[in-house]
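Participant: The structure under discussion is supplied below as structure tokens; questions concerning it will follow.
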Amino acid sequence: MKRYIKKSVFALLFASLFVGCTKDFEEINTDPNNVTDVPTAYLMTQAQRSILGQRFNTTSLLYSQQWSETQYTNTSRYQTAEASFNGFYTGPLADLEQIITINSDEATASDATASGSNANQIAVARILKVYTFQLITDVWGEIPYSDALRGSEAFKPTYDTQDAIYADFVTELTEAAAQIDVNAAGMEGDIIFGGDMAAWKKFANSLKARVGIRMSEADAAAAQSAVVSGLAGGFESNADNALFTYLADAANWNPYYDHFLTRTDYAISNTLADYMAAISDPRLPVYADPAPNTGTVVGMPYGVSDAISGSITNAEISFPGIAVRSADSPGIMQTYSELLFIKAEAAARGWISDDPATVYEEAITASMEFWGIDEASIADYLAQEAVAYDAANYKKSIGEQKWVSLYMDGQEAWSEWRRLDYPELAPAPAAYQDREIPRRRAYTQNEYDLNEENVKAAVSRQGEDAMETHIWWDK
């Protein structure tokens, strides 16, 4: 009997302790120094920084042969096929989706207006989601899209085909541009355009033109429609460029500045430097500093073995110029020059009535002006026969000059090389297992382990999960 009484007393004591511990449990365990409700302006700033942080990836600068590795040449020799896209989903895309959810939910939408009108916040988030998803799909091809960002509702998301993804990009950008109210409060926390909604509308249309031209070899009709529509409301000058503003302080400076403070892993490639030098391109001394030994810009040999690269001293080659590696050098997302090259190609294809040669020269001029080149130097450059627009091979003219103008936007340079096949780049001389220049990246083993059925379905449609496989728009 005593034993049962003791047990009962113990149970009562335990219950009272449990009740005491759980009373006001949530209040006790809430850190008063940390906020529980984050303003959407903070989420927007974080998303934008995260997008640019994800793009701080030299792989595409190396694949497009704008840069070369100086010490460890594995990437430029295509040694590692796979790469993970998870950071895009768990970082910027998650933040952007949360902005849309908060501004769409009746319970939270009213409070969210402290960061701008609901419609404008949703529109900006939609535009940046397209921008980010395009970065992902242009590297891997088929990716989780319609099932993405659904959390527990889709632990194993399906992979969407690129044609379906691109079609939805056009829809999203069209609707987002229409959703913008330039007379309502703009998006707070916006580092790119400072909440200027007219600028966001222009960016949405310019991005739609980029999406459209990427489809040119895969779906000409859809490409023409998107390009023509995008050009009608896109950038009008360099003042409209989509740039992420970095600041000259340690918390907000350009990642390349931070990298080059302590390391010298990357130099301008001999591929780009030699091409530009041969036609006296005045942007070359802006793109790269002179080599100390010669006082001229000298490119680092591209894709050589570690042994050869190790025999070349820093004094013999040129590193990226101060314009691209300063603490406050902007992060390039899309420029007026790029839009003009799209316009020149649309004219060459007969989609619009403009003179392609004229627009082609305007595109080069816009790039030159962006990099601070004076009018006289621009005129001299355009007067060269080697630079003149070739109507018989517009892909070569546009492809080569666009490649040069897309410096520091390596993914666009790599994507446009894959689409147009210009400039004519040679694979790395010391390519791993004689690989060709990569056309995509492979899915990680983690994707196979966690989502095997859907990954294998994507591979069966798209082709071998290898660097050499062409994605949908890369014909």
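Participant: Tell me which residues, restricted to region 373-407, are under 25 Å from LEU243 (Cβ atoms), of a type in the set (Val, Ile, Thr) and touching a residue at least 60 places away in the same chain (Cβ under 8 Å).
Facilitator: ILE373, ILE378, VAL404
Participant: In region 143-161, which residues are in a loop (DSSP other than H, G, I, E, B) and among the β-branched types (Val, Ile, Thr)? Give the steps one after another, and end with the answer.
Facilitator: Step one: filter region 143-161 for residues in a loop (DSSP other than H, G, I, E, B), giving 145-150, 155-158, 161.
Matches in region 143-161: THR158, THR161.
Participant: Taking the stated definitions as given, is ALA278 in contact (Cβ under 8 Å) with a residue 40 or more places away in the chain, within 30 Å of SER50 (Cα to Cα), surrounded by fewer than 21 Cβ atoms within 10 Å (Cβ to Cβ) and among the small types (Gly, Ala, Ser)?
Facilitator: On the way: in contact (Cβ under 8 Å) with a residue 40 or more places away in the chain: yes; within 30 Å of SER50 (Cα to Cα): no; surrounded by fewer than 21 Cβ atoms within 10 Å (Cβ to Cβ): yes; among the small types (Gly, Ala, Ser): yes.
No; evaluated as a whole, the condition is false for this residue.
Participant: Considering ASP111, ASP95, ASP138, which residue is under 30 Å from SER309 (Cβ atoms) and in a helix (DSSP H, G or I)? Steps first, answer last, please.
Facilitator: On the way: ASP111 fails: under 30 Å from SER309 (Cβ atoms); ASP95 fails: under 30 Å from SER309 (Cβ atoms).
Result: ASP138 is the single residue among ASP111, ASP95, ASP138 that is under 30 Å from SER309 (Cβ atoms) and in a helix (DSSP H, G or I).
Participant: If you don't mind, there's one more thing I want to ask. For THR30, only one of the following conditions fails: (1) open to solvent by less than 70 Å² (accessible area, probe 1.4 Å); (2) assigned to a loop (DSSP other than H, G, I, E, B); (3) at pLDDT 55 or above. What is its number?
Facilitator: (3)
Participant: Which members of region 254-264 meet the condition of being surrounded by fewer than 16 Cβ atoms within 10 Å (Cβ to Cβ) and part of a loop (DSSP other than H, G, I, E, B)?
Facilitator: Answer for region 254-264, where residues must be surrounded by fewer than 16 Cβ atoms within 10 Å (Cβ to Cβ) and part of a loop (DSSP other than H, G, I, E, B): ARG263, THR264.
Participant: Next up: Out of all the residues in region 424-460, which are more than 25 Å from the chain's Cα centre (by Cα) and of a type in the set (A, V, I, L, M, F, W, C)?
Facilitator: Answer for region 424-460, where residues must be more than 25 Å from the chain's Cα centre (by Cα) and of a type in the set (A, V, I, L, M, F, W, C): ALA430, ALA431, LEU450, ALA457.
Participant: Can you tell me which residues in region 87-110 are in contact (Cβ under 8 Å) with a residue 60 or more places away in the chain and not hydrophobic (A, V, I, L, M, F, W, C)? Step through it out loud before you land on a result.
Facilitator: First, the residues of region 87-110 that are in contact (Cβ under 8 Å) with a residue 60 or more places away in the chain: 89, 102-103.
Hits for region 87-110 are TYR89, ASN103.
Participant: Looking for whichever is at pLDDT 95 or above, more than 30 Å from ILE165 (Cβ to Cβ) and either in contact with a helix residue (DSSP H, G or I) (Cβ under 9 Å, 6 or more places away or on another chain) or in a loop (DSSP other than H, G, I, E, B) (or both) here; the options are ILE213, ILE268. Which one fits? Steps first, answer last, please.
Facilitator: Details: ILE213 fails: more than 30 Å from ILE165 (Cβ to Cβ).
The match here is ILE268.
Participant: Turning to a different aspect of this structure: From the list GLU175, GLU188, GLU153, pick out the single residue that is touching a Lys or Arg at 6+ places or on another chain (Cβ under 9 Å) and open to solvent by 50 Å² or more (accessible area, probe 1.4 Å).
Facilitator: Values: GLU188 fails: touching a Lys or Arg at 6+ places or on another chain (Cβ under 9 Å); GLU153 fails: touching a Lys or Arg at 6+ places or on another chain (Cβ under 9 Å).
The conditions single out GLU175.
Participant: In addition: Scan region 432-457 for residues that are in a loop (DSSP other than H, G, I, E, B), of a type outside the set (Val, Ile, Thr) and open to solvent by less than 60 Å² (accessible area, probe 1.4 Å) and jot them down.
Facilitator: Residues of region 432-457 that are in a loop (DSSP other than H, G, I, E, B), as a first pass: 435-441, 443-444.
Keeping just the survivors that are of a type outside the set (Val, Ile, Thr) gives 435-436, 438-441, 443.
The answer is ARG435, PRO438, ARG439, ARG440, ARG441, TYR443.
Participant: Would you confirm, using the coordinates I've provided, whether ALA164 is buried (at least 23 other Cβ atoms within 10 Å of the Cβ), in contact (Cβ under 8 Å) with a residue 12 or more places away in the chain and in a helix (DSSP H, G or I)?
Facilitator: Details: buried (at least 23 other Cβ atoms within 10 Å of the Cβ): no; in contact (Cβ under 8 Å) with a residue 12 or more places away in the chain: yes; in a helix (DSSP H, G or I): yes.
Criteria not met by ALA164.
Participant: Looking at (1) open to solvent by less than 30 Å² (accessible area, probe 1.4 Å); (2) over 26 Å from the mean Cα position of the chain (by Cα); (3) within 27 Å of THR294 (Cβ to Cβ), find the lone condition where GLU316 falls short.
Facilitator: (1)
Participant: Now for a different question. Please find, within region 114-125, the residue that is most open to solvent (accessible area, probe 1.4 Å) out of those that are part of a helix (DSSP H, G or I) and within 16 Å of THR45 (Cα to Cα). Spell out how you get there, then give the answer.
Facilitator: As a first pass, look at region 114-125 and keep what is part of a helix (DSSP H, G or I): 114-115, 118-125.
Next cut, within 16 Å of THR45 (Cα to Cα) only: 114-115, 120-125.
Working: ALA114: 88, SER115: 6, ASN120: 0, GLN121: 0, ILE122: 23, ALA123: 0, VAL124: 0, ALA125: 0 Å².
Ranking the qualifying residues of region 114-125, first place goes to ALA114.
Participant: If we scan region 229-246, do we find a residue that is part of a helix (DSSP H, G or I) and surrounded by 22 or more Cβ atoms within 10 Å (Cβ to Cβ)? Lay out the reasoning, then the answer.
Facilitator: The initial filter retains those residues of region 229-246 that are part of a helix (DSSP H, G or I), namely 229-232, 238-240.
Add one more test, that the residue is surrounded by 22 or more Cβ atoms within 10 Å (Cβ to Cβ), and what stays is 230-231.
Yes, region 229-246 contains at least one residue that is part of a helix (DSSP H, G or I) and surrounded by 22 or more Cβ atoms within 10 Å (Cβ to Cβ).
Participant: Report, by residue number, each residue of region 347-372 that is open to solvent by 20 Å² or more (accessible area, probe 1.4 Å), on the phi < 0 side of the Ramachandran plot and in contact (Cβ under 8 Å) with a residue 40 or more places away in the chain. Give the derivation first.
Facilitator: Of all residues in region 347-372, those open to solvent by 20 Å² or more (accessible area, probe 1.4 Å) come to 348-358, 361-362, 365, 369-372.
So of that shortlist, the ones also on the phi < 0 side of the Ramachandran plot come out as 348-349, 351-358, 361-362, 365, 369-371.
If the condition is that a residue be open to solvent by 20 Å² or more (accessible area, probe 1.4 Å), on the phi < 0 side of the Ramachandran plot and in contact (Cβ under 8 Å) with a residue 40 or more places away in the chain, then ALA348, ARG349, TRP351, ILE352, GLU369, PHE370, TRP371 are the ones that fit.
Participant: Right, next: Based on this model, can you work out whether ALA199 counts as touching a Gly at 6+ places or on another chain (Cβ under 7 Å), surrounded by 20 or more Cβ atoms within 10 Å (Cβ to Cβ) and assigned to a helix (DSSP H, G or I)?
Facilitator: Here the answer is no, as ALA199 does not meet what is asked.
Participant: Let me ask another. If ALA223 satisfies all but one of (1) without any contact (Cβ under 8 Å) to a residue 40 or more places away in the chain; (2) surrounded by fewer than 18 Cβ atoms within 10 Å (Cβ to Cβ), what's the number of the condition it fails?
Facilitator: Single failed check for ALA223: (2).
Participant: Checking the structure you have, find out if any residue of region 39-49 is farther than 26 Å from LEU96 by Cα, over 15 Å from the mean Cα position of the chain (by Cα), of a type in the set (S, T, N, Q) and at pLDDT 95 or above. Lay out the reasoning, then the answer.
Facilitator: Start the filter on region 39-49 by keeping residues that are farther than 26 Å from LEU96 by Cα, which leaves none.
No: region 39-49 contains no residue that is farther than 26 Å from LEU96 by Cα, over 15 Å from the mean Cα position of the chain (by Cα), of a type in the set (S, T, N, Q) and at pLDDT 95 or above.
Participant: Additional query: Which of the numbered conditions does LEU420 fail, given that it passes all the others? Conditions: (1) in contact with a Lys or Arg (Cβ under 7 Å, 6 or more places away or on another chain); (2) surrounded by 14 or more Cβ atoms within 10 Å (Cβ to Cβ); (3) more than 25 Å from PRO282 (Cβ to Cβ).
Facilitator: Condition not satisfied by LEU420: (3).
Participant: Looking at region 330-343 only, could you name the residues that are open to solvent by 10 Å² or more (accessible area, probe 1.4 Å), among the hydroxyl-bearing types (Ser, Thr, Tyr) and assigned to a helix (DSSP H, G or I)?
Facilitator: TYR336
Participant: Give the number of residues within region 174-196 that are part of a helix (DSSP H, G or I) and among the aliphatic types (A, V, I, L, M). Explain how you work it out, then say what you get.
Facilitator: Residues of region 174-196 part of a helix (DSSP H, G or I): 174-179.
Okay, now just the ones that are also among the aliphatic types (A, V, I, L, M), so 176-178.
Qualifying residue count for the region: 3.
Participant: Quick test for you: out of SER460, SER405, pick the one residue that is surrounded by 21 or more Cβ atoms within 10 Å (Cβ to Cβ) and at pLDDT 95 or above. Talk me through it step by step, then tell me what you get.
Facilitator: On the way: SER460 fails: surrounded by 21 or more Cβ atoms within 10 Å (Cβ to Cβ).
Result: SER405 is the single residue among SER460, SER405 that is surrounded by 21 or more Cβ atoms within 10 Å (Cβ to Cβ) and at pLDDT 95 or above.
The values are calculated or read from the model by the stated rules, or taken from the named source; none is laboratory data. Everything quoted here is computed from the prediction, not taken from an experiment. Positions of Cβ are generated from backbone atoms using ideal geometry, with glycine treated the same way; all protein chains shown enter the neighbour counts. The accessibility values were calculated without ligands, DNA or RNA, using every heavy atom of the protein model including side chains. Shrake-Rupley method; radii C 1.70, N 1.55, O 1.52, S 1.80 Å.
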